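One structure is given below, encoded as structure tokens.
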Amino acid sequence: MRTAVSRLELLQPRSVREALRMLRDEGPLVPLAGCTDVYVGLNFGTLSAKRFIDLWPLDEMRAIRSTGGVLSIGALATYTELIRSPLVARRLPILAAAAREIGGVQIQNRGTLGGNVANGSPAGDSLPVLAVAEAMLVLSSAAETRRVPFNSFFSGYRKSVLRLDEIIAAIEVPRVDGRQWFRKVGTRAAQAISKVVLAGIRSDRPRIALGSVAPTVIRLPKTEGALASGAPIEEARRVLEGEIRPIDDLRSTAEYRRRVSANLLERFWRDTAG
Ligand SMILES: Cc1cc2nc3c(=O)[nH]c(=O)nc-3n(C[C@H](O)[C@H](O)[C@H](O)COP(=O)(O)OP(=O)(O)OC[C@H]3O[C@@H](n4cnc5c(N)ncnc54)[C@H](O)[C@@H]3O)c2cc1C
């Protein structure tokens with residue numbers, strides 16, 4: 001049953017500082033960014049929270065800039081802003097590629113990168129990109145700002161180290177060397193949740209991440225090691241098939257996901273050769 005909106009409370013801070021104070025003094029509060037995930041929960045009545053804080057108007061959390069070689073993306077940057085950003089196109093084109101495949105135009109105009117991370121779905125399309133880019137998450141509270149490596153952020157299925165008094169303020173991406181590759185496999189091109197999503201970076205230290213094959217997005221250290229040591233792609237495929245433990249669910253079967261993941265690995269390796 002739908003959640004009755006009249007029983008919900010919304011706090012509207014005018015600055016990030018005020019938002020952090022509210023989270024500390026008036027919490028627990030659920031942050032709202034573009035609301036594209038939250039509204040689904042409200043509509044299905046699966047969200048038990050009653051008190052929310054609206055981050056969407058806080059433009060200071062929207063900037064995309066480069067500082068000292070680090071690409072810094074405000075957590076409120078939308079997919080449309082990522083697609084249009086010359087900096088993202090130059091530094092991390094696979095993030096723009098992922099953004100282009102998320103939802104449709106309406107979702108791209110509202111959905112944010114910070115929301116995709118905080119929502120923590122293993123099918124979140126931006127997550128494998130942030131995993132191979134070895135991004136850092138800037139987490140802010142009234143007390144402190146701390147930086148957590150993206151690859152240490154998730155602690156289980158939709159669980160993370162984010163505290164109740166914290167928000168994701170920004171996502172920082174260090175310089176990425178090597179050829180970048182991204183592919184999402186879903187039922188159709190638009191508005192489909194991925195069955196498998198792979199991001200890769202080819203350099204002397206190959207990096208590979210997969211979404212939708214485990215409770216969280218995962219890096220594949222054994223497969224990366226096989227490729228780094230010059231193993232033929234057939235052997236790397238076998239290593240990958242042993243390294244992941246996908247499940248059967250509504251969207252796909254474990255067997256299909258395993259096979260498609262190996263096919264994507266091979267395609268990544270062929271496309272980025274030479
Ligand atoms: C029709 C439709 C299609 C979709 N298609 C895709 C798709 O193809 N691929 C995909 O990956 N996703 C898809 N999504 C899911 C969703 O659009 C994305 O996950 C989006 O990035 C969520 O961002 P948001 O700003 O709307 O988050 P919100 O809904 O505002 O928030 C999501 C969660 O993150 C928390 N949160 C948000 N921002 C912050 C922050 N800065 N700090 C701390 N917590 C925060 C919220 O409290 C909430 O728990 C789709 C959703 C819909 C409705």
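So which strands (runs of 3 or more DSSP E) stay within region 107-169 end to end and still have 2 or more residues that are crowded, with 21+ Cβ neighbours inside 10 Å and out of contact with any Gly (no Cβ under 8 Å at 6 or more places or on another chain)?
Passing ranges, in order: 136-140.
Which ones in region 199-254 are of a type in the set (Asp, Glu) and under 26 Å from SER160 (Cα atoms)?
Looking only at region 199-254, we keep the residues that are of a type in the set (Asp, Glu), and these are 204, 224, 234-235, 241, 243, 248-249.
Listed by number, the residues that qualify are GLU224, GLU243, ASP248, ASP249.
Taking only region 39-53 into account, find how many residues are at pLDDT 90 or above, within 9 Å of the ligand (Cβ to nearest atom) and not small (Gly, Ala, Ser).
4
Starting from region 33-45, keep only residues that are assigned to a helix (DSSP H, G or I), then list their pairs with residues that are more than 6 Å from the ligand (Cβ to nearest atom) and at pLDDT below 90 whose Cβ atoms are within a distance under 6 Å, requiring at least 6 positions of separation or different chains.
GLY41/LEU47; LEU42/THR3; ASN43/ARG2
Quick one: which residue in ARG251, ARG245, ARG207, ARG238 is basic (Lys, Arg), outside the structural domain of SER160 (by TED's automatic domain parsing) and crowded, with 21+ Cβ neighbours inside 10 Å?
ARG207
So, in region 87-102, how many residues would count as being free of Cβ contacts under 8 Å to residues at least 40 places away in the same chain, β-branched (Val, Ile, Thr) and not in a loop (DSSP other than H, G, I, E, B)?
So the answer is 1.
Listed residues ILE94, ILE73, ILE102; which is among the β-branched types (Val, Ile, Thr) and more than 12 Å from the ligand (Cβ to nearest atom)?
ILE94
The values are calculated or read from the model by the stated rules, or taken from the named source; none is laboratory data. Keep in mind that what you see is a predicted model, and the values were worked out from it rather than measured. Neighbour counts run over all protein chains shown; Cβ positions are idealised from the backbone, glycine included.
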